[in-house]
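Data block below; observations after.
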Amino acid sequence: MNRNMMKQAQQLQKQMIKLQEEIEASTVEHSSGGGAVRVVVTGKMVVQSIEIDPDAVDPNDVEMLQDLIQSALNGAIEKAQELASSKMGALTGGLNIPGLM
């Protein structure tokens, strides 16, 4: 590997590290049930918060609330994954580099 290629590889690695930090610091939000349940997930795929509208809490229909929570969580995680993929894709030009995500 020549000196110029080595320099470019190091620069790309620094950019990837910076981008990974940005992704991890980012948050995405998803809601279900017309906003009855709202979930915020970080770029590290960690649930940051869950908000539940009190009107969505029906002791006679706990199953519906569980479904709303599950839907909101899955949607938020999917958005976080899409965010990471799109940001990394922009940096790598769409190349699928194993081990990045």
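Observations on the model:
- Pair list, Cβ < 7 Å and 6+ apart or interchain, from the range 30-47 residues that are surrounded by 14 or more Cβ atoms within 10 Å (Cβ to Cβ) to residues that are assigned to a strand (DSSP E or B) and of a type in the set (Gly, Ala, Ser): Val37/Ser31; Arg38/Ser31; Val40/Ser49
- In the range 8-26, the residues that are farther than 23 Å from Val39 by Cβ and touching a residue at least 60 places away in the same chain (Cβ under 8 Å) form Cβ pairs under 9 Å with partners that are basic (Lys, Arg) and part of a helix (DSSP H, G or I), at six or more places apart or across chains, as follows: Leu19/Lys87.
- Restricting attention to the range 17-53, the residues that are touching a Ser or Thr at 6+ places or on another chain (Cβ under 8 Å) and in a helix (DSSP H, G or I) add up to 2.
- Condition check for Ala80: farther than 23 Å from Ser31 by Cβ, part of a helix (DSSP H, G or I) and modelled with pLDDT under 95: no
The values are calculated or read from the model by the stated rules, or taken from the named source; none is laboratory data. None of the values given here were measured: they were computed from a predicted structure. Neighbour counts are summed over all protein chains in view; Cβ atoms, including those assigned to glycine, are modelled from backbone coordinates with ideal geometry.
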